[in-house]
1. Which label belongs to the value computed from this structure, given these candidates for mean projected area of the Cα convex hull in nm²: [x] 14.7; [y] 21.2; [z] 15.7?
2. What ranking of 192, 101, 135 emerges when the number of other C-beta atoms within 10 Å of each C-beta is taken as an exposure proxy, fewest first?
3. Given a cut-off of under 8 Å on Cα pairs at least six residues apart, what relative contact order in percent is computed for the stretch 182-263?
4. Can you tell me the relative contact order of the chain? Whole percent, Cα pairs under 8 Å, sequence separation 6 or more.
5. When the Kirkwood radius is taken over all Cα pairs of the stretch 121-259, what Stokes-Einstein diffusion coefficient follows at 4 °C and 1.567 mPa s, in µm²/s?
6. Could you work out the relative contact order of the stretch 126-224, using alpha carbon pairs under 8 angstrom and six or more residues apart, expressed as a whole percent?
7. Taking R0 as 30 Å, what's the FRET efficiency between residue 7 and residue 68 from their Cβ-Cβ distance, rounded to 0.05?
8. Give me 108, 143 ranked fewest to most by other Cβ atoms within 10 Å of their Cβ, as a rough exposure proxy.
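Here, each number is a calculation from the coordinates, and none is a lab measurement. Fair warning: this is a prediction, and the values are worked out from it, not measured in the lab. Note: ideal-geometry Cβ built from the backbone for every residue, glycine included; neighbour counts use all protein chains shown.
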């Protein structure tokens with residue numbers, strides 16, 4: 001009999017935590033959203049600088065690790081299951097998701113109109129931040145955060161030969177046998193809670209984008225029913241891909257995602273209608289910036 005790989009206790013606790021956050025928002029959306037916004041503002045204000053420095057430290061540590069004698073250690077001796085293209089497709093689609101489709105178009109204008117660090121909106125300082133701040137999200141720092149936990153997980157799986165990919169198992173070298181106790185459970189629950197939150201964020205970004213596209217192309221009315229239908233359709237589609245497994249499901253899905261990205265790039269990168277609209281918006285922004293600069 002095949003042993004289940006799902007820890008129902010960890011999953012249940014994580015789902016309860018998500019429920020404790022989402023149910024009050026559903027009951028009173030205005031107060032719930034206001035509370036979460038205040039929590040986000042407090043975290044950003046108190047831990048924002050620490051987060052930025054931590055990202056830089058992680059990136060520096062990975063550079064040192066790659067160019068040190070430890071960089072020659074090979075994690076695993078088996079033949080790769082996928083081609084380089086498929087591995088890149090899996091990493092790309094898992095690491096970026098729908099965020100790049102949402103923020104890739106509006107991020108520059110968002111920071112230009114609502115700049116960080118108390119800059120004046122639509123100023124030269126705002127334009128400087130708008131043209132560079134996005135690299136923090138899509139550049140080396142973001143991928144460094146993804147890379148750091150993958151190293152101990154790969155070490156535990158391929159070198160230590162553990163049959164688990166839990167984050168608590170990867171921490172066994174530091175916490176020892178406590179990985180099997182309460183501390184290990186807490187680590188896994190936090191990981192599962194973050195995983196559910198990440199999936200929810202992707203749906204929250206992708207659903208309005210798809211709803212707007214369906215409204216613009218087919219004339220569907222933007223309602224709660226349409227949003228729920230999109231979420232349900234995406235959930236069913238992804239569940240089918242999971243059912244077929246990593247090789248026949250997620251690999252093909254990731255490959256075709258990358259093909260679509262290339263197709264979208266060719267469609268918007270040769271002077272087509274979407275690119276002309278983006279260029280027109282950029283010209284208006286730069287004209288405003290030039291007028292602002294000439295006023296001094």
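1. [y]
2. Details: 192 21, 101 15, 135 11.
Neighbour counts put them in this order, fewest first: 135, 101, 192.
3. Details: 23 pairs, mean separation 12.9, N = 82.
With pairs under 8 Å counted, the relative contact order is 16 percent.
4. Values: 174 pairs, mean separation 63.0, N = 296.
It rounds to 21 percent for the chain.
5. Numbers: Rh = 19.0 Å.
In µm²/s, the coefficient rounds to 68.
6. Working: 39 pairs, mean separation 12.3, N = 99.
Dividing the mean separation by the residue count of the stretch 126-224 yields 12 percent.
7. Details: r = 36 Å, r/R0 = 1.18.
My answer for the efficiency is 0.25.
8. Values: 108 20, 143 15.
Least crowded to most crowded, the residues run 143, 108.
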